Amino acid sequence: MKTGQLQQLRTIHDRTAGMFQNIPESLYLLLGRLGMAGIFWRSGMTKITFESDVAHFSFAQLGAVISLDWSVSDFTYILFENDYALPFLSPELAAHLAILAELTLPILLVLGVLTRFSALAILGMTLVIQLFVYPHLWPDHSLWAAVLLLLVARGGGAWSLDRLVGGMLRR
C-alpha cells in the first residue's frame, strides 16, 4: 500500500472515530437502561398470570404489577423446582425473589432511579443465571454483564432521575 493511500485510510479512520466519540454518553446509558430493563421485565412477566398480553409491554401490565393484580403462575413454581433448581434457595423463595427483582428493578432502571444499585442487583442475578441455570448462554450473559457494568460504573447518565435528584441535593 502506498503512503498516500495509507494516509487516506488514516484520515477516514480518524474522522469516523471522531464522529462516534461525539455520541452523547447519556444516549448509550439510556439505551443500556432500557435494554436491560426490557429483558428482565419480560422475564418477570412470564412468571405471573393476569389478564393481559405479556409478550409486549403495555401500561396495563404496569398497572397490574403496581396494583398487585396478579399471581405467580403454577408453571413458575415447576420451573424453579426442576429447571432453575438453585442449590442454596428453596424453589418457592427463589421464584418469589426472582419475580420481585424482575418486576421492580426494571422500573428503577427505566426511570434512572438507584441505577447503580439496580444494575448491580441485575448483574448478580445474571451471575446466578449463568452459573446455575443456563451456563451455555454465556454469550448473552457476557453482553448483559458488559452493559450492566457500564451502568454500575457510570450511573444513569444525564437523562435519569438519579442525575436530577443528585443535582438538587448538591444545591
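Side notes on the structure shown:
- Looking across F40, F117, F57, F132, one residue alone is aromatic (F, W, Y), closer than 18 Å to L149 by Cα and either crowded, with 19+ Cβ neighbours inside 10 Å or in contact with a Phe, Trp or Tyr (Cβ under 8 Å, 6 or more places away or on another chain) (or both). It is F40.
- Residues in the stretch 80-109 that are buried (at least 18 other Cβ atoms within 10 Å of the Cβ) and under 27 Å from R154 (Cα atoms): A98, I99, A101, E102, L103, L105, P106, L108, L109.
- Of the residues making up the stretch 142-171, those that are surrounded by 18 or more Cβ atoms within 10 Å (Cβ to Cβ) and either under 17 Å from L97 (Cα atoms) or not aliphatic (A, V, I, L, M) (or both) are W144, G155, G156, G157, S160, D162.
- Scanning the stretch 82-104 for residues that are assigned to a helix (DSSP H, G or I) and either farther than 30 Å from F59 by Cα or not hydrophobic (A, V, I, L, M, F, W, C) (or both) yields P91, E92, H96, E102, T104.
- Residue check, S26 surrounded by 15 or more Cβ atoms within 10 Å (Cβ to Cβ) and of a type in the set (S, T, Y): yes
- Scanning the stretch 94-149 for residues that are over 26 Å from W70 (Cβ atoms), aliphatic (A, V, I, L, M) and over 12 Å from the mean Cα position of the chain (by Cα) yields a total of 3.
- Look at (1) at pLDDT 90 or above; (2) aliphatic (A, V, I, L, M); (3) over 18 Å from the mean Cα position of the chain (by Cα) and you find that L68 fails only one, number (1).
- For the stretch 119-150, the set of residues classified as of a type outside the set (V, I, T), within 16 Å of D162 (Cβ to Cβ) and in contact (Cβ under 8 Å) with a residue 24 or more places away in the chain consists of A119, L120, L148, L150, listed by residue number.
The values are calculated or read from the model by the stated rules, or taken from the named source; none is laboratory data. Fair warning: this is a prediction, and the values are worked out from it, not measured in the lab. We place every Cβ from the backbone using ideal geometry, glycine too, and count neighbours over all the protein chains shown.
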